[in-house]
Structures are given as C-alpha cells and as structure tokens.
1. Would you say Met115 is open to solvent by less than 10 Å² (accessible area, probe 1.4 Å) and either among the aliphatic types (A, V, I, L, M) or over 18 Å from Ala205 (Cβ atoms) (or both)?
2. What are the residues in segment 417-433 that are part of a helix (DSSP H, G or I) and over 15 Å from Arg272 (Cα atoms), if any?
3. Would you confirm whether any residue within segment 120-140 is open to solvent by 50 Å² or more (accessible area, probe 1.4 Å), touching a residue at least 24 places away in the same chain (Cβ under 8 Å), out of contact with any Pro (no Cβ under 8 Å at 6 or more places or on another chain) and not in a helix (DSSP H, G or I)?
4. Within segment 142-153, track down each residue that is closer than 18 Å to Ala132 by Cβ and either at pLDDT 90 or above or surrounded by fewer than 16 Cβ atoms within 10 Å (Cβ to Cβ) (or both).
5. Find the residue count for segment 482-519, including only residues that are open to solvent by less than 30 Å² (accessible area, probe 1.4 Å) and among the charged types (D, E, K, R).
6. Right, Ala414: under 18 Å from Met502 (Cβ atoms) and in a loop (DSSP other than H, G, I, E, B) or not?
7. Among (1) over 30 Å from Glu298 (Cα atoms); (2) in contact (Cβ under 8 Å) with a residue 24 or more places away in the chain; (3) of a type outside the set (Ser, Thr, Tyr), which single condition is Leu442 missing?
8. Sort through Ala397, Ala420 and tell me the only one that's over 22 Å from Leu466 (Cα atoms), crowded, with 20+ Cβ neighbours inside 10 Å and over 23 Å from the mean Cα position of the chain (by Cα).
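The values are calculated or read from the model by the stated rules, or taken from the named source; none is laboratory data. Everything numeric in this text was worked out from a predicted model, so none of it was measured. Cβ: placed from backbone, ideal geometry, glycine included. Neighbour counts: every protein chain shown. Heads up: the accessible areas ignore ligands, DNA and RNA and are worked out on the full protein's heavy atoms, side chains in. Shrake-Rupley method; radii C 1.70, N 1.55, O 1.52, S 1.80 Å.
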Amino acid sequence: MTISEREAARRAAAGEALCAATVRALTGDAALHYSGARLCRNMRPLPLHAPHLQTLPPPADPLHTLRGAADGAALRLRHSDAALHRRLLPDAPLERLLFELLEQLRCETFIPPGMPGVAANLRERFEAWSRAMHATGVADSHVGLLLYTVAQMSWSRLTGYPVVEDTEGLIEATRMAIAPRIGSALAGMRRTRTDQAAFAVYALALAADIAGLIRAAGGESEENDQKDDEDEKGVRNAFSLFLDFDEQEDDGITLAHSGDSRVLKASEQGYRVFTQRYDRELYAGTLVRRALLTEFRERLDERIVAQAINVPRLARALQAALAVPQRDGWSFGEEQGRIDGRRLAQLVSSPAERRLFRLEKHTLIAESMVSFLIDCSGSMKAQIDAVAMIVDVLSRALDAAGVTNEILGFTTGAWNGGRARTDWLARGKPRFPGRLNEVSHLIFKDAVTSWRRARTDIASLFKADLFREGVDGEAVEWACERLRTRSANRRLLIVISDGSPMDAATHQVNDEHYLDHHLRDVVAQQQLRGDVEVMGLGVGLDLSPYYRHSLALDLTSLPDMTMLARLVDWIGSGGRRSGG
C-alpha cells in the first residue's frame, strides 16, 4: 500500500466519522454511524431514500458532497414519519422512485435555524448528483430526460433555488411541455410541505401523472412498446443509482442473518451462563499427537509453497501499515532545523558555514498487537485449509514486521450441551438458563511465542474433531481481554467466521437469537471502550450485521498473493474499506 493510498484511506475514515457526528447531532440518535460511505444504525445499513444520497468515499466524492448526503439523510430521519411513508408508498417502481425523491426533497427544506452550512451542503450534493447524471447520458433518452426534468423542477420549486445551470438548456423544452400538467401539483407540494400527509396527496398525483405519460408514450406499437420497456428499465436502474427497492446485482456473498432475542431483552440480569464448571482454555497443540501434528504441518507447508506466497513482501507492507514514527535521537550537522548551540562558534570562524542545525530522528516502530480469533464450528471444517494458510502466513509476516500476534480459536467441548445440559436436566430444567454448553477457548499461538516455535502447533487447526459449535460473544470478550494484557499502542482483533453464533442446546431452551444478540452487544461494548479494534473476516459471508468493520472473502480457491495483499491493506486500515 503506498503512502498516498494509506492517506486516502485515513481521510476517508475521517470524513465518515465527521459525517456520522453530524447525523447524530441533527437527529439525536447515538446509534448512527457510517461504514463504507453508507449510513448505518447498529451496524445495519439504512435504506437510501433518494438517488442523490448515494455517495462514494473520498476522493471519488469530495467531503463537502458527503456532508450534503449526510445532512440530507439526517433531515429525512428527523422530519419524515417512516410508518406513514410506508403506508403511502406506491407499488409501481416508477411511481415509487418519484415519490421517494419528492419526500426526500420535502425533508431537505427544513434547514435548522442558524445553519447555513447545511443548506450549502444540500445544494452542492444535489447539483453534484445532477451533473453526474447528465454525464452518464441518462437524459439522452425520452424517459430519462423526462425523469431528470421532473427532479430538477421539483427540487427548484421546493427549495427556491434555480435549476442546475449546466443542464438548464437541455431540459427547457421538456419543462415547458410538462409545466401546465404538473404545475398544480408542484404548487400544492410547496404549499403543504410542512404537513407530510397533505404533501403526499400532491406527490402521489405528480408521480402517477408522470408514470402515465411514460406508459402512454410507449403504447403506439408493439415494437415501440418493447423498446420503451427496455428504455424504462435501463433509465430506472441508472437514475435510481441502486436504491434499496431496486434489484441489485448479486455478488455471491450472503449477508449474515441477525435478530433480537426476546429472552435477552426481557432478562434483568442480561446474558447468562448456566455453568462455567466445564469451560476450558486449552493449547490446541496438546490435543494432537506430535507425529500427526508433523503431518499436518507438512500439509500446510505444501499448500503455501504451491501458492508462491512472498512472505517478506507482506511483512514490509504490514510494517508500513501498522508502524508509527517514534523519536530516535538527533541528526546533527543539518542545514535546517533547530540551532545546535555547540556549533555557534563555527558561525564566527566560518560565516559561510550552513550546517549549524539539528533535526529530530524518527524510526518506524510497529508497537501493535494483532489477534486472530477463528470460529471452530463444524461448518468451518470445509474452509480450514484456506483459513489455516491465511493465519499462518500473516502470523509469520507479522513476526517478521515486529508485530506481536496471537492465533486463537473457539468451539464447544461437546455437541448439544454436553455435561452442562446434563446438569440442567438434573436440576429440573429451570427456565431460560442462558448459555448451556461447555465452551472451549483454544490457543494455537500465544503472544510470547514466535511463529517459528509455534508453527507446528498452528497446524493443529487441521484436527477435525475440534470443530463443534460456537459461542462467539464470550470468545470475543476473552480474546479482547488477552489483548488488553499486552502493552501496545494499537490492538486489533480479527474474528474469522463463516456464520452466526450457533449452539443447539442454548437455542432450544432460550430462543434462536440469544447468542446472536449477545455477540452484537459484546462487539458494541468493545467499540465503545475503544482500546481494541474488532474486525470481522467473513468466510463466504458478510458479517457486517455484527462487525462495523468487516470484509467478506470467497475462499472457494486457496488464497494467493493478491488476496493476502488485500487483507494486509484491510488490516492496516483498521477494517475500513474504500468501497461499499
């Protein structure tokens, strides 16, 4: 990762943090934040209500236009009754697109008193979107030009600004043609903008009228009808810019399913554990015969060699990404900097002498610690070859970069509750016992052991009977506490998982979202503390419902240098992606 790329990632993260603070201030909702240029609440992306709210991180979109999108989203959350809007929302796609846009523009007219910057941000955002739409050629077709013209007229009528100057000539003829038809609706929207229900009457009428015009224009012949259908679909897709109610391209990565636990919400004690009597913390290497461990290590080495992994290159990238400059003495005899008092006599004896200064020397020190926490549930067995390669290579590279690291795992001591469930049955099956299994926390490599000494034990990841069920929330807490015992200026926990928390016994006697809800709570608590950066690496699964900073990987093939370099960039940026 080059310096410029790292700086771009840092600025993107700072821009998102500023936008999030603005939205929270305007709405009073502390759960709002940005991830990948997308507004989220408790790590769940919120719907995009209008096309001009869709943005990209800097430098694709400059900060002031991001601020405009953030201000627009905040005003929508503050001034629109979501339940009323859902009841009024039409089913037909074109009407729905226009109605969403009109409601968003209505909300953007409520500029808070004494905040002219918000008005400027909103105007700049809409005008930037307008210019982008014109550049994409959306307005080159009849349907596109009509929709674009309606958007410009509605925005101008509601806000009082003139239409965007760059495209005023383009829309003039269409505006003159439809003004008599929609003028009454536009005036009604302007008049009733403070009353959402009354405004919706005029907005729905305008949306239906424009949609009717589009359908009527395509009804002259079968050939024209087919062409216009294709035209309408294409324009709608481009114009909507991937609004949530449009079909989106499937990227092959499934979003993790997450829900709230009624049992956990109703409990005054919060998350419960029925018994910790059988919980264990184990060094995984002690669970495998040494001869078998040697075979496992050879198997892992063969796969790494076959993929031609350049570990020194990864180590240099990690050091550059994780290191911070620290003072390391002085450099004397410089031509600029601070005056060196010991050389002032030279100024008298040699007036032309310029090397009278000293500069502070700085050295890059990677005083960070990285922990990998691997979900050792049954479904992960199918992906363990690729996962073992990733953690082994990155651990070796981190060691070479001088970064302390651990490789940890979590599973259960038994299927279906084990001895913990037996004890629960013996005590008369008390209601809602909480976590009901034996958890096993595994150490494949600890922080004080080098990769070279731990390399054989890391191969115990291939032991199939380690993989049972998973209690993720407690494992994240355990791994974070281990990180806090180490002195470091930056601590990162990377959780590698292919699914939601799963323990059959716990789900049966509580509810299906008990462990799921607890994991979200734990991650949120760790983020509030701020001393550990918790990141989720999804194996064929998008873990964003749990982890604010997450990355999904397709591991249908073994990792190569391209994938590992991408992971290094992601780790160095603290899990902040430059895309959505």
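1. Numbers: open to solvent by less than 10 Å² (accessible area, probe 1.4 Å): no; either among the aliphatic types (A, V, I, L, M) or over 18 Å from Ala205 (Cβ atoms) (or both): yes.
Spelling it out, it is not the case that Met115 is open to solvent by less than 10 Å² (accessible area, probe 1.4 Å) and either among the aliphatic types (A, V, I, L, M) or over 18 Å from Ala205 (Cβ atoms) (or both).
2. Gly418, Arg419, Thr422, Asp423, Leu425, Ala426
3. The answer is no; no qualifying residue exists.
4. Thr149, Val150, Ala151, Gln152
5. 3
6. yes
7. Unmet for Leu442, out of (1) over 30 Å from Glu298 (Cα atoms); (2) in contact (Cβ under 8 Å) with a residue 24 or more places away in the chain; (3) of a type outside the set (Ser, Thr, Tyr): (1).
8. None of the other options fit; the residue is Ala397.
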